[in-house]
Ligand code: FAD
């Protein structure tokens, strides 16, 4: 039997090992500390807009993250709920302790999957051949395998920075991985230093919660996974607080003592998770910044401050924290810190995430220059699938940009590379309307079938739901709405005249109808709300309305995308000025000025230039002709 070793028990490693074993491969997950499997190094939460989309997609392909967060989440919210189906994204606060336990339990209960504690020191190849032979551990033992997925996160040559202090570490309290990092560099792979940071953790009892704004979760909470039956954990609120002028004063007085501004960091940090130092320096007019106060677990008294990532010395962190209203007596349990680490240029990867020129080796997660649990998990799943397929002698599985955010991410990484930690945003996708997260199971069912990544029961569940959805569409097409039909009262209330009558589909397309109106109409169809696993009538109503009302936009999106292929022929005038162009982010403007692209095609391939930005440029250039 062919064997896979997955190095790392983080979010990428969990998915790679779980899917490879489910696909029938003899799999070993090797990690430095088995008790840290599934550790959330930073924010104890999963999802959000873009990130939540990817969790749904990996769930649709048989991944673990959606099920794990449903089993352990203590605060669920759908973000962007009012902004439409395409851009709304699920987010949940995890009970971090339970998440780790659930992840380990899931892996331990997976047939053909073994766990092993140890540190990988080197990959071994058969002498005189290109075939991988195994992984050598620091203790001298060897794990034989024919394929390896490296998911080493922030650990390669990791260095923690707090104020002026530096410490070799992969994460707080855990060692760095140096031997493997050196071997990968020695193999000629291009690497660079990236950095990220995290916030201080506080003692719950030291905070006066009565002075904070309460942020309740959704009631009822909605699961991430298409296969979950509900949310088992008790739900708790989060809170919000804002920085004060005193917080800003402490930060400004001590800027030179922060690792970031004191010149101790060479790595490039994540643009979308700036430290509090960065926020005050880069946005001096903002006044105050919002901080989310989030429980880390129901099992501990630890509180996380989302939005207060810092690399200030601990005593400065305490002054910063105590400047927040309600935090005057706050006690820090763990100070925040920054971490610098080696990542490898993803331009060295093939589209299936294997390392070009190194047979049998896949990279996934933070090692490829991304940041975030969801980005890591998505790559882990794809690398695990492709490593398994390679060993089974099957073709690689590559998702298109029009199929999944996961496809967008991998395409971005391997074609454009990234010069800063890459995070998923919906703006990166040009097919946003087709990539709604609630449609991920329908969209990816053909892929899941071909890969064989769902169990027969899971596949049957999705198929039954889609068949019912089809029947509903047919019922809506056949039902006739007139003033005197059972739907008449709804039409009267919405002040819609129905002279000749029309089908229920055409009726529901009318924007005047509210969700409650639609529910009333659909409630008259036979079997509409009959219970069925995975069938959520409110969501089905939203999906139906989305499909009916956005059909025209989706066709236009498809036509516009055809046009994108011609971008290489659209010249950007040499005197074109982007500084005052509304609708472009500062990042996009900076990059356009730096790279000075001559055509839209060139512009579209600059890292950080979003498809939405290119579309806007296209419009402006067209108009100026
Ligand atoms: P990790 O979760 O880091 O897991 C790596 C695993 O590999 C670990 O289990 C480790 O033990 C194992 N390992 C490493 N080397 C070896 C070896 N040689 N042998 C055996 N095992 C090995 N993300 C955000 O989105 N926003 C943030 O603000 C943010 N801040 C962060 C702050 C800090 C301080 C850190 C450390 C991370 C932060 N992250 C943040 C990143 C987030 O934690 C990662 O993106 C995510 O965990 C990456 O998943 P991964 O699986 O690639 O690696």
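Label sites at residue 571 and residue 480, each approximated as a point 7 angstrom past Cα along Cα to Cβ, lie 6.1 nm apart.
Relative to the longest principal axis of the Cα atoms of the chain, the long axis of helix 440-451 lies at roughly 60 degrees. Applying D = kT/(6 pi eta Rh) to the stretch 36-193, where Rh is the Kirkwood radius over alpha-carbon pairs, T corresponds to 20 °C and eta to 1.002 mPa s, the Stokes-Einstein value obtained is 116 µm²/s.
Compared with the dominant Cα axis of the chain, that is its longest principal axis, helix 11-22 is turned about 70°.
Listed from fewest to most Cβ neighbours within 10 Å, the set 312, 397, 1 follows the order 1, 397, 312. Here the contact order of the stretch 99-196, divided by its residue count and restricted to Cα pairs under 8 Å and six or more residues apart, works out to 17 percent. Semi-axes of the equivalent ellipsoid of the stretch 530-600 are 41, 16, 11 Å, computed as sqrt(5λ) over the eigenvalues of the C-alpha gyration tensor in descending order. Working note: Debye formula, equal point scatterers on the alpha-carbon atoms of the stretch 209-252, no solvent; log10 I(q)/I(0) at q = 0.25, 0.27, 0.33 Å⁻¹ is -0.93, -1.00, -1.12. If you plug the beta carbon distance of residue 319 and residue 347 into 1/(1 + (r/R0)^6) with R0 = 25 Å, you get a FRET efficiency near 0.05. Exposure proxy ranking for 497, 185, based on other Cβ atoms within 10 angstrom of each Cβ and starting from the fewest, stands as 497, 185.
May I ask what percent, to the nearest 5, of DSSP beta bridges between residues of the chain are antiparallel? In the chain, DSSP labels about 75 percent of beta bridges as antiparallel. Each of 476, 521 has some number of other Cβ atoms within 10 Å of its Cβ, and from fewest to most they run 476, 521.
The fraction of Cα-Cα pairs per 10 angstrom bin, counted from 0 for the stretch 429-493, comes to 17, 31, 25, 18, 8, 0 percent, rounded to whole percents. Using r as the Cβ-Cβ distance of residue 252 and residue 193, and R0 as 35 Å, what FRET efficiency do you calculate, to the nearest 0.05? Result of the calculation: an efficiency of 0.85. Put the Cα centre of the stretch 305-369 next to the Cα centre of the stretch 582-625 and the gap is 29 Å. Label-to-label distance, residue 526 versus residue 469, with points set 7 angstrom from Cα along the beta-carbon direction: 2.3 nm. Pairs of Cα atoms nearer than 8 Å and 6+ residues apart set the relative contact order; for the chain it is 16 percent.
In plain terms, the C-alpha convex hull of the chain casts an average shadow of 30.9 nm² when viewed from every direction. Model label sites at residue 183 and residue 80, defined 7 Å from Cα along the beta-carbon direction, differ in position by 4.1 nm. Bridge orientation summary for the stretch 18-144: considering DSSP beta bridges with both residues in this region, about 75 percent are antiparallel.
Each principal axis of the Cα cloud of the stretch 426-573 was evaluated for its coordinate range; sorted largest first, these ranges are 57, 50, 22 Å.
Reported value for the stretch 111-239: 235 Å³ per residue, from the convex hull of its C-alpha atoms. Between 0 and 90 degrees, the angle of helix 586-595 with respect to the longest Cα principal axis of the chain falls at about 70 degrees. Each part gets one Cα centre, and for the stretch 482-560 versus the stretch 113-164 those centres are 55 Å apart. Computed extension gain for residue 586 through residue 2, at 0.36 nm per residue and net of the alpha carbon distance, reaches 205.3 nm.
Each reported figure results from applying straightforward, stated rules to the coordinates on display, with no laboratory input. This one's a predicted model, so the numbers in the text were calculated from it and none came from an experiment. For neighbour counting, all protein chains shown are included, and Cβ atoms are generated from backbone atoms with ideal geometry for every residue, glycine included.
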